[in-house]
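Before any comments, here is the structure.
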Amino acid sequence: MDENIYKTDNIKDNYDTMLLMLKGQISDEMNIIANLSNASAIVKAMTNDINWAGFYLAGDNELILGPFQGMPACNRIKIGKGVCGTAAATKKIMRIDNVHEFKGHIACDSASNSEIVLPIVIDEKLVGVLDIDSPTVARFGELEEEYFKKFVEILVQCDWKLI
């Protein structure tokens, strides 16, 4: 049973609320880890039919697991490998309807069937990715891409100096 008092039956309203919640959470907090932790919790709370939501942070030619909500995940992903690594290498949003058909997919959670990954870029430098997985094939559409892109645009306003 979903006991989230913020979520309604209207998906677009939920995504609008998700953006407002993120703005409120980061408005008076400077620590990026605290902000990313709450950001992943907000995505998980406000998005239907997902099993993982979190961040990988850019390191030396790899992505390193950051704050997330869901089952344990891969600690490190090479840039250019899997969906996350490809999004990081290209700095482009990856929306994959069926991850099992994606060449080189890295299966951190066997329950995941579709995925959306959004690169987080500040001043043309990759700082990380937002990764969201669903057990449903073709779960993510244009609406999710639009709203998660806005979500990332809000996050880049945070102080990323700790990374």
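Results, tabulated for the structure shown:
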{"read-out": "Ellipsoid semi-axes in whole angstrom, largest first, where each is sqrt(5λ) of the Cα gyration tensor of region 23-72", "value": "19, 17, 7"}
{"read-out": "Three principal axis lengths of the chain [C-alpha, angstrom, descending]", "value": "38, 36, 26"}
{"read-out": "Accessible surface of the chain [probe 1.4 Å, protein heavy atoms]: carbon and sulfur percent", "value": "49"}
{"read-out": "Helical contribution to [θ] at 222 nm, DSSP H n ≥ 4, -39,500 (n - 2.57), averaged over the chain, rounded to 500", "value": "-10500 deg cm²/dmol"}
{"read-out": "Members of Lys103/Lys161; Lys44/Lys81; Lys7/Lys91; Lys7/Lys161; Lys23/Lys78; Lys23/Lys161 lying beyond 27 Å, as alpha-carbon distances in this model show", "value": "Lys103/Lys161; Lys7/Lys91; Lys7/Lys161; Lys23/Lys78"}
{"read-out": "Amide H contacts under 5 Å for Gly128, placed H, 5+ residues apart", "value": "Ala58, Ile120"}
{"read-out": "Eligible aspartates and glutamates near Lys125 by straight Cα distance, threshold 17 Å, same-chain separation 8 or greater", "value": "Asp60, Glu62, Glu153, Asp159"}
{"read-out": "Accessible area (Å², per residue) of region 1-106, counting only protein heavy atoms and a probe of 1.4 Å", "value": "55"}
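The values are calculated or read from the model by the stated rules, or taken from the named source; none is laboratory data. Computed from a predicted structure; not experimentally measured. SASA here: full protein model, heavy atoms, side chains in, ligands and nucleic acids out. Shrake-Rupley method; radii C 1.70, N 1.55, O 1.52, S 1.80 Å.
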